[in-house]
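Readers should treat all values here as calculations from the given coordinates under stated rules, not as data from a laboratory. In this text, all values refer to a predicted model and were calculated from it rather than measured experimentally. Positions of Cβ are generated from backbone atoms using ideal geometry, with glycine treated the same way; all protein chains shown enter the neighbour counts.
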């Protein structure tokens with residue numbers, strides 16, 4: 001089972017972290033220059049919970065947002 005929210009579908013996202021130097025043109029400089037780009041993983045706030053889904057017991061990953069507003073057919077056991 002992948003680490004993905006059972007309700008919202010949230011999971012890890014890969015983004016670029018960009019490091020820049022210099023003064024922007026709007027402030028009278030010659031412009032910002034990119035000095036480094038590295039990939040960074042942003043992790044969703046996921047918790048493993050045991051829930052009842054339509055009467056069937058399952059262990060699933062749930063995001064913090066999903067825990068606050070669960071659908072009517074899902075009940076948390078622990």
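Computed from the Cα positions only, the extents of the chain along the three principal axes stand at 64, 23, 16 Å, in decreasing order. If R0 equals 22 Å, the separation of the Cβ atoms of residue 65 and residue 42 corresponds to a calculated FRET efficiency of about 0.90. Measuring nothing but how far apart in sequence close Cα pairs (under 8 Å, 6+ apart) lie, relative to its length, the chain scores a relative contact order of 30 percent. In terms of packing, defined here as the mean over residues of other Cβ atoms within 10 angstrom, the peptides 51-64, 26-39 line up highest first as 51-64, 26-39. Counting 0.36 nm for each residue step from residue 50 to residue 12 and taking away their Cα separation leaves a gain of 11.6 nm.
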